[in-house]
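Right, one structure below, let's go through it.
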Amino acid sequence: MQTPRHDIYAFIHKGLRAFMAHTLVRVGRLDAHDAAEVAVVSDEVRALLDICTHHLANENRHIHSAMQARQPGACAEVEAEHVAHEHEIAQLRWLLERVPENEQAAQGLYRQLSDFVAHNFEHMGKEEREHNAVLWAHYSDDEIRAIEHAIIANESPEHLQLAIRWMLPHMTPSERAGMLGGMRQTAPAEMFEGVLNLIRPLLGGRDWRKLSLALGI
């Protein structure tokens, strides 16, 4: 049986899919006349749009440059989609500011966010199929991990925390244990404990027991 290659997209895309789906549902049931609810959901939408913008920049800077170096033109189609996504994000931000006390604006935000999520689900699938194929053809797994580590090294603590919050609860038990096992070996103890404290309330009892058993905690 062939050993699976390292998938640079797997975990961050799981987190993004979960965050997008959660936020879309929240916007779909939003009461535009409830100021407190609008404030909370608006913050969630802004956080989603911020992480999407940041993710696009990371892919352009780190992954696409690596692909371009070994196979020029391989990421041209997806780069054009990234430009379109940036325009969609700007439009969503504009709509979001018009939601308070405006049911029509809230419905418009919901529909446009739904389109944005649909486009991104298709887009991420394309990256996982086509871009991974290019990376695997031209780079070793160690080289791909080095690209991934360069992305992580340039992240702010705030972006890392948000990514971890959405990635870890939506991984399989073995993926979650593998990531946290590696983190325990390389990260400061207080950081590892902080991540456990962050995700424990987000995991069901069964998932937490599986993680505890795998990590021996």
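Details
- Boolean, Ala74 is in a loop (DSSP other than H, G, I, E, B) and touching a residue at least 40 places away in the same chain (Cβ under 8 Å): yes
- Scanning the range 2-31 for residues that are hydrophobic (A, V, I, L, M, F, W, C) and surrounded by 17 or more Cβ atoms within 10 Å (Cβ to Cβ) yields Ile8, Phe11, Ile12, Leu16, Phe19, Met20, Leu24, Val27, Leu30.
- Near pairs, Cβ below 8 angstrom, 6+ apart or cross-chain, from the range 8-27 (at pLDDT 95 or above) to any residue that is among the polar types (S, T, N, Q) and part of a helix (DSSP H, G or I): Ile8/Asn132; Tyr9/Asn132; Leu16/Asn120; Met20/Asn120; Leu24/Ser114
- Number of residues in the range 19-50 that are within 14 Å of Gln107 (Cβ to Cβ) and acidic (Asp, Glu) equals 1.
- Picking from residues in the range 32-43 that are in a helix (DSSP H, G or I) and surrounded by 15 or more Cβ atoms within 10 Å (Cβ to Cβ), the one that is farthest from the chain's Cα centre (by Cα) is Val38.
- Residue check for Arg46: touching a Lys or Arg at 6+ places or on another chain (Cβ under 8 Å) and over 23 Å from His149 (Cα atoms): yes
- Helices (runs of 4 or more DSSP H) fully within the range 127-208 counting 1 or more residues that are surrounded by fewer than 15 Cβ atoms within 10 Å (Cβ to Cβ) and touching a residue at least 60 places away in the same chain (Cβ under 8 Å): 132-138, 141-153
The values are calculated or read from the model by the stated rules, or taken from the named source; none is laboratory data. As the structure is a computational prediction, the values presented were derived from the model and not from experiment. Virtual Cβ from ideal backbone geometry, glycine too; neighbours counted across all protein chains shown.
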